[in-house]
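Some notes on the structure that comes next.
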Amino acid sequence: MSSVRANVPNRASSTALHWPVTTLSPCRGPAPFRSHIRSAHASAAPATKDAPTAKQQKQKQVGGGGKAVEVAVTPRSEDFSKWYLDVVAKAELADYGPVRGTMVIRPYGYSIWETIQSYLDARFKELGVENAYFPQLIPYSFITKEAEHVEGFAPELALVTKGGGKDLDEPLVVRPTSETIINHMFAQWVQSHRDLPLLVNQWCNVHRWEMRTRPFVRTLEFLWQEGHTAHATAEEAEEEARRMIDVYTDFAVNMAGMPVVAGRKSRIESFAGANCTYTIEAMMGDRRALQAGTSHNLGTNFAKAFGTQYLDRESKRQYVHQTSWGVSTRIIGGIIMTHGDDKGLRLPPRVAPIQAVIIPIVKKEEDRVPVNEAAQRLADAAKAAGIRVKVDADERQTPGWKYNHWEMRGVPVRVEVGPRDVQSGTCVTARRDMPGKEGKQMGVSMEPAAFVAHVQGLLGEIQAGLTAQAAAFRDANIVDVRTYDELKEAIATGKWARGGWAASDEDEKRVKEETQATLRCFPFDQPEGPHTCLMTGQPASEVAIFAKSY
């Protein structure tokens, strides 16, 4: 049995509508390497427990079965954090693992991840990226080869020090990210310019020893994909890094309905060991920022550390230029906090595991067979058209209980079929994104083609509506500021602050210390200038966004 010890972070780790690019400064090169390395051998400490045990409000709702149904969800306006934990639990997305800070992703939560995986995996392959897998255990010496990399990750590492009952000659790091071990392999695989570009991705788990955890958003272990590429030139690597952040932006907006702000991270907030980091920043329902995906231009930093070189066309040895990029299960937390309401989840149809649920309403035994058969015919027609549909014919629960159950899980469309509907050849549909009677439509034809067209139309309207609501909320909560005092006022009221920035790293640190807000990004979409730095009053070439974040 192996022994694992981990380092406890002294800070929260830094870890998204596609706006056109108008002004973007190039990568500024790597941050200077630190002269000191924090110890990677601190003793382990448990993550804080965030189980949903606080006071919850009971909401009584009456369903079609006539029986009152109780669901316990803390209202978002009362306590957003408790609301989030309630929804994760009540919608059966995840549960708490036996080790503090870990989570068990339940089938419904994992099915959302599978939908995300399926879409992104297909996109990656369209771009020539191939899937591979690399070991989870990494020699500690690999981590130390790139100085800034170990500086950034040392507080979060979990180390294996024993194996087979014996002390290991060298500690092994439980994968926090894979740049080092992948470079070890790239150095063996890349010999000539003919071997480039090399484009790989892996779907895997990673471990980062976090002090403060929240299901999906920040846990000791999480799932992600990490892409790693090697190129012959700096220009090719930069193009790849930008291409992948565009892929993430497209997914966030057009699939997840999250109108993110895409841009470049500051040097302080960039990935440890990268020349620069590109990010998608999403505004959650409590107006905090969530970093939903990143793409890093690594330059030649890791190539030099691992000797990853190739022979160019003139037979000269050159270092490869690299990128890495990733999206994790954190984006599920982003979807919850972007769209959820006091009834639970509201899932954008394109990422919903179940897009429509059909509920037979049976009061008399003689109606059971014809009603269930009609419901199944509708489901068969929907499935044939590519709609993800489920018939809930469970006889143990009333229709009212089922309404609330599927509302909690965020299913976009509910279809109700009863005896009178069978006789009239019609059914009732209800939209999850609209409250009560507002979202209901009676007399929907059960003729297969008409029914399918109706449901498809609803799904399109819901997808567009949720995205538009989130975009309007984001835009209403970004404040343009001209001075540091205005920035502090905006942050104090929970807004995002956007203003000219040309100040120093020390000034950026001061903002974080005094307001708890971080520089989220320099947006790709830059407003027309000229701009003035909000901190120094000097001319600034671009604006930055500051916000409190997860």
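Just a few scattered comments:
- Lone qualifier among Ser111, Ser118, Ser141 - being open to solvent by 20 Å² or more (accessible area, probe 1.4 Å), part of a helix (DSSP H, G or I), hydroxyl-bearing (Ser, Thr, Tyr) and touching a Pro at 6+ places or on another chain (Cβ under 7 Å): Ser111
- Of the residues making up the stretch 311-325, those that are surrounded by fewer than 24 Cβ atoms within 10 Å (Cβ to Cβ) and not charged (D, E, K, R) are Leu311, Ser315, Gln318, Tyr319.
- Residue-level analysis places Leu466 among those that are among the hydrophobic types (A, V, I, L, M, F, W, C), under 18 Å from Pro348 (Cα atoms), modelled with pLDDT of 95 or more and buried (at least 22 other Cβ atoms within 10 Å of the Cβ).
- In the stretch 249-301, residue nearest to His184 (Cα to Cα) [restricted to those that are of a type outside the set (Phe, Trp, Tyr) and in a helix (DSSP H, G or I)]: Asn301
- Counting the residues of the stretch 337-363 that are open to solvent by less than 20 Å² (accessible area, probe 1.4 Å) and either closer than 16 Å to Gly293 by Cβ or modelled with pLDDT under 95 (or both) gives 2.
- Scanning the stretch 310-336 for residues that are charged (D, E, K, R) and over 23 Å from the mean Cα position of the chain (by Cα) yields Asp312, Arg313, Glu314, Lys316, Arg317.
- From the options Arg106, Arg76, residue that is more than 16 Å from the chain's Cα centre (by Cα), open to solvent by 80 Å² or more (accessible area, probe 1.4 Å) and more than 30 Å from Leu196 (Cβ to Cβ): Arg106
- Checking Glu210, Glu236, Glu226 one by one, the residue that is part of a loop (DSSP other than H, G, I, E, B) and surrounded by 15 or more Cβ atoms within 10 Å (Cβ to Cβ) is Glu210 and no other.
- Residue in the stretch 337-358 that is over 36 Å from the mean Cα position of the chain (by Cα), farther than 29 Å from Asp250 by Cβ and not in a strand (DSSP E or B) present: no
- Test result for Asp380, in contact with a Pro (Cβ under 7 Å, 6 or more places away or on another chain), charged (D, E, K, R) and open to solvent by 50 Å² or more (accessible area, probe 1.4 Å): no
- Residue identified as closer than 21 Å to Gln526 by Cβ and under 17 Å from the mean Cα position of the chain (by Cα) among Ala262, Ala256, Ala241: Ala262
The values are calculated or read from the model by the stated rules, or taken from the named source; none is laboratory data. Please read all numbers here as calculations on a predicted model, not as lab measurements. Neighbour counts run over all protein chains shown; Cβ positions are idealised from the backbone, glycine included. In case anyone asks, the SASA skips ligands and DNA or RNA and just uses the protein heavy atoms, side chains included. Shrake-Rupley method; radii C 1.70, N 1.55, O 1.52, S 1.80 Å.
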